[in-house]
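What follows is a set of notes on a single structure, which appears directly below.
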Amino acid sequence: MLEREEHRKQLFHTFFFACFFATVLWIIKFTEIVFQCDLAEWGVYPRQIKGIAGILFAPLIHSDFNHLFSNTIPILILTSGLFYFYRSIAYPVFFWIYLMSGIWVWVSARPAFHIGASGVVYGLVAFLFFSGIIRRHSRLVAFSMLVVFIYGSLIWGIFPIDIRVSWESHLLGSIAGVFCAFYFKKIGLQKEKFEWENVAEDESQNNINEDVEP
């Protein structure tokens, strides 16, 4: 009974923030429609004072419903995966990616209003892939492969192919995700050690001790 209750709490924790964040994105878009306003000017505008607020607000703003929908599904899937497999560091990872990608876009991107949550999406993809590979935990590696299978084609988004797309957000968000994968690599699930590995380590240690005896 206690295990079932704990499992229920874990599932709630897994999906709550992902659904909450996605809901906020849609509420903001509907607010624009209802009040007939354009919030794009609250996006990141690089190296301009007026664009600093976009570091906080840009990921919440989308140009149209197609733009919003294309980010909503990945946000739901990737954020849920983050909170399921990396529960102890999920919030720091999410908000580090969120803020770092925005700051770096403000510092180095081309002059234009950069909006949308795609930088966060790219950051989550990069984190989930590289973190699984670095940690070498079987479940994390399996999830890394699943992420690549589903979102591997996003790699083209980091190149300046379409001037209408903020490829800088994609690239810098990915770098933020890789940074977080290395920075938090010692926290959370790690590679499992099998019994035969422990025996081999014990034998190796015994051999070393025998070699150094006077």
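The values are calculated or read from the model by the stated rules, or taken from the named source; none is laboratory data. Since the model is a prediction, treat every value here as computed from it, not as a measurement. Reconstructed Cβ throughout: ideal geometry from the backbone, glycine too, with neighbour counts over all protein chains shown.
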(request) Identify, from the list Glu197, Glu192, Glu203, the residue that is at pLDDT below 90, acidic (Asp, Glu) and not in a helix (DSSP H, G or I). (result) Glu192
(message) When the residues of segment 71-113 are narrowed to those that are surrounded by fewer than 16 Cβ atoms within 10 Å (Cβ to Cβ) and of a type outside the set (A, V, I, L, M, F, W, C), which ends up farthest from Phe30 (Cα to Cα)?
(response) Ser88
(request) Report those helices (runs of 4 or more DSSP H) wholly inside segment 1-91 carrying at least 1 residues which are of a type in the set (Ser, Thr, Tyr). (result) 2-35, 65-85
(message) Which pairs turn up if I take residues in segment 171-192 that are touching a residue at least 40 places away in the same chain (Cβ under 8 Å) and look for partners that are aromatic (Phe, Trp, Tyr) and outside any helix (DSSP H, G or I) with beta carbon separation below 7 Å, at least 6 apart in sequence or on another chain?
(response) Gly188/Tyr86
(request) Specify which of the listed residues (Gly116, Gly123) is in contact with a helix residue (DSSP H, G or I) (Cβ under 7 Å, 6 or more places away or on another chain) and not in a helix (DSSP H, G or I). (result) Gly116
(message) Checking the condition surrounded by fewer than 24 Cβ atoms within 10 Å (Cβ to Cβ) and in contact with a Leu (Cβ under 8 Å, 6 or more places away or on another chain), which residue from Ile158, Ile134, Ile163 passes?
(response) Ile158
(request) Determine, yes or no, whether Ile49 is exposed (fewer than 15 other Cβ atoms within 10 Å of the Cβ), among the β-branched types (Val, Ile, Thr) and either free of Cβ contacts under 8 Å to residues at least 40 places away in the same chain or in contact with a Leu (Cβ under 8 Å, 6 or more places away or on another chain) (or both). (result) yes
